[in-house]
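I have placed the structure first, in the form of structure tokens, so that the comments after it can refer back to it.
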Amino acid sequence: MDLNLVTAFVSVVDQQSFTSAAKALGLPKSSVSRRVTELEEELGVQLLHRTTRKLALTEAGRAYYEQAEKALTELQAAAESATGMDTEARGIVRVTAPVDIGVLGIADIVAEFLKEYPDIHVDLSLSSKVVDLVEEGFDIGIRAGKSRDASLVARRIGTSALGLYASAEYLKTRGRPKALEDLASHDCVLFRGRHGKALWRFEGPGGEPASVEVRGPVNVDEMLFVRQAVGLGLGIGLLPTIVIATCNRVQALEPVERILPEYSMGGADVAVVTPSGPKRPRRVTILRDFLVERLSPRCEKQEHSARA
């Protein structure tokens, strides 16, 4: 089998578009599309559902992707070993991650990794801002949301949508909203709002767009603070399911509950990203694969538990 076909397919899934995959591979979009089609013809199955709005894996495609991505990673590791490129697992790996995921989501994973690889030092930077990995010298990043940076290779680990949450104390005092428009008369904890108000846009029960203008006593630019404020009863918050589930897992903050679950906002991919390039130090590859292996099942489990 032509590995170029497999590489094209894996890149399309990682990048979530033919255009981004083409940029990452340095190929015309038509070439990438043709290679994926040739792979499907060779396998005799459809791997991707293609629509004008998005790409989605078929059941066969998901199963094939999991095996193919693992095989390509092993081939790269074998090539690095054969060429003697940085064969020792030692040195510094610089990682950047969002504050909420870093504080609550990966501390135990990093601790486990360092026990297994004591000669590797992890330099972890937590920031709410999306940093330029190459410009600022990071080896690995954890990102939520679709990446448009063709210089990065993304390994998807899960999806996180936004849902509405409130504390039992707040609901007891102010009442439970029964419809989306009820939010206009409630206090809301605003993430990057303007002048004490924000427009929240949702997908309704049937996928239809819906929106409501909300107001609140506090506006903040850090999602972990929003989660804490909601738990303390300051208002209703629009929070990522992965943040909710991570807090639930470590029992770090006051409990909250989902309200109006039929309304959600988007579904952002969560991914481990690395700068593209033919050569990557073995210590970086080891930590990247370790994070993907540990975070993928956790993200999947957290997404289900947060939606429950």
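A few remarks follow.
- Listed peptides 231-244, 10-23 appear in the order 231-244, 10-23 once ranked by packing, highest mean of other Cβ atoms within 10 Å at the front.
- Applying 1/(1 + (r/R0)^6) with r as the Cβ-Cβ distance of S151 and L43 and R0 = 30 angstrom yields a FRET efficiency of 0.50.
- Dividing the summed -39500 (n - 2.57) terms of all DSSP H runs of n ≥ 4 by the residue count of the chain sets its mean residue ellipticity at 222 nm at -13500 deg cm²/dmol.
- Peptide ranges 284-295, 113-124 listed from the most packed, as the mean C-beta count within 10 angstrom indicates: 284-295, 113-124
- Sorted on the mean count of surrounding Cβ atoms within 10 Å across their residues, most packed first, peptides 199-209, 27-37 read 27-37, 199-209.
- The chain, Cα convex hull volume normalised per residue, Å³: 141
- A cut-off of 5 Å between modelled amide H atoms, ignoring neighbours fewer than 5 places along the same chain, links S276 with L152, V153.
- Both radii were evaluated on the Cα set of region 1-84; the Rg over Rh quotient, with Rh as the Kirkwood radius, amounts to 0.99.
- Zero-based 10 Å bins, Cα pair distances in region 161-267, whole percents: 16, 52, 30, 2
- Across K129/K178; K29/K70; K172/K197; K70/K115, pairs whose alpha-carbon gap is larger than 30 Å: K129/K178
- Annotation: extensible slack from T173 through R50 equals 39.5 nm (criterion: 0.36 nm per residue apart, minus Cα-Cα distance).
- Amide H within-cut-off set for V270, under 5 Å, with H built and near neighbours excluded: G145, I157, G158, T159, S160
Laboratory data are not the source of any read-out in this text; all were calculated from the coordinates shown. Treat the numbers as computed from the prediction; the structure is a model and nothing was measured. Don't worry about glycine lacking a Cβ; one is built from the backbone with ideal geometry, like all the others, and counts go over all protein chains shown.
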